[in-house]
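*Asks:* Before I ask anything, here is the structure I am working with.
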Amino acid sequence: MKRLFLLLTALLAVSCSQTIDIDPDTGFEVFTIPAGGHSSIFRNEPFTGTGIKVTVIFDESAMYTLDVTGDQADINKLVGFSDCHQDHQSESARIGWRWYEDELQLLAYTYREGQLSYEMMGAVPFDQEINLQILIDGDSYKYSGTGLTSITMPRTPNCETGENYWLWPYFGGDQPAPHEVTIKLKREVIEWYL
């Protein structure tokens, strides 16, 4: 039993690391979600800003069919940040993604006071750079992207200040990734917004 525990611990450590791979030719960060997994990385990186600019490239590994048909509409997470010095399932702003109705859809994805809400931004192609942005603007988050619908969602008023953290590519919903999924990102923190 002890050997099995050590083996499983070693496999987990290998499959999800704390370091981010960089493509030396493009400078993109490369995130891999393993088949049968949810997380691309286990890393605690503080977030101190008023928003993010992201460039993402999805390849055809983002196309999938889940065993439970009803879970196909579940939203995977691309990137974002916790907010208000709270856990991300209480307060956060993220871009979500899913392969649904034969297209790769991006969504504005917000937790506010523990309640999840999301809105469709639009569909994007494979193998192209997609520019995205999330801005904190007082009591709202502003989501936008090239060729996508801009979305404004409410943010908790009078947020506590303190340390927040980055949120990484994650598969699920309920089911794990049915095969390996690779996502390339360039991230930039927006330090202030007028």
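*Asks:* Which condition does residue 150 not pass, out of (1) over 18 Å from residue 185 (Cα atoms); (2) modelled with pLDDT of 95 or more; (3) surrounded by 17 or more Cβ atoms within 10 Å (Cβ to Cβ), if it passes all the others?
*Replies:* Unmet for residue 150, out of (1) over 18 Å from residue 185 (Cα atoms); (2) modelled with pLDDT of 95 or more; (3) surrounded by 17 or more Cβ atoms within 10 Å (Cβ to Cβ): (3).
*Asks:* Follow-up. Listed residues 69, 110, 65; which is within 21 Å of residue 182 (Cβ to Cβ) and either of a type outside the set (Lys, Arg) or open to solvent by 20 Å² or more (accessible area, probe 1.4 Å) (or both)?
*Replies:* 65
*Asks:* Tally the residues that are in a loop (DSSP other than H, G, I, E, B), loosely packed, with under 14 Cβ neighbours inside 10 Å and in contact (Cβ under 8 Å) with a residue 40 or more places away in the chain, restricting the search to segment 36-62.
*Replies:* 5
*Asks:* Additional query: I'm trying to understand the selection: among the residues of segment 48-78, which are modelled with pLDDT under 95 and under 29 Å from residue 190 (Cα atoms)?
*Replies:* Residues satisfying the conditions are 48, 49, 50.
*Asks:* Can you pull out the residues in segment 113-136 that are open to solvent by 80 Å² or more (accessible area, probe 1.4 Å), under 18 Å from residue 156 (Cβ atoms) and touching an Asp or Glu at 6+ places or on another chain (Cβ under 8 Å)?
*Replies:* 113
*Asks:* Please indicate, with yes or no, whether at least one residue in segment 156-170 is more than 15 Å from residue 47 (Cβ to Cβ), open to solvent by 20 Å² or more (accessible area, probe 1.4 Å), part of a strand (DSSP E or B) and touching a His at 6+ places or on another chain (Cβ under 9 Å).
*Replies:* Within segment 156-170 (the criterion being more than 15 Å from residue 47 (Cβ to Cβ), open to solvent by 20 Å² or more (accessible area, probe 1.4 Å), part of a strand (DSSP E or B) and touching a His at 6+ places or on another chain (Cβ under 9 Å)), the answer is yes, since at least one residue qualifies.
The values are calculated or read from the model by the stated rules, or taken from the named source; none is laboratory data. Because the structure is predicted, anything quoted here is derived from the model rather than measured. With ideal geometry, Cβ positions are generated from the backbone for all residues, glycine too; neighbour counts draw on all protein chains shown. Remember, those area values only see protein heavy atoms, side chains included, never the ligands or the DNA or RNA. Shrake-Rupley method; radii C 1.70, N 1.55, O 1.52, S 1.80 Å.
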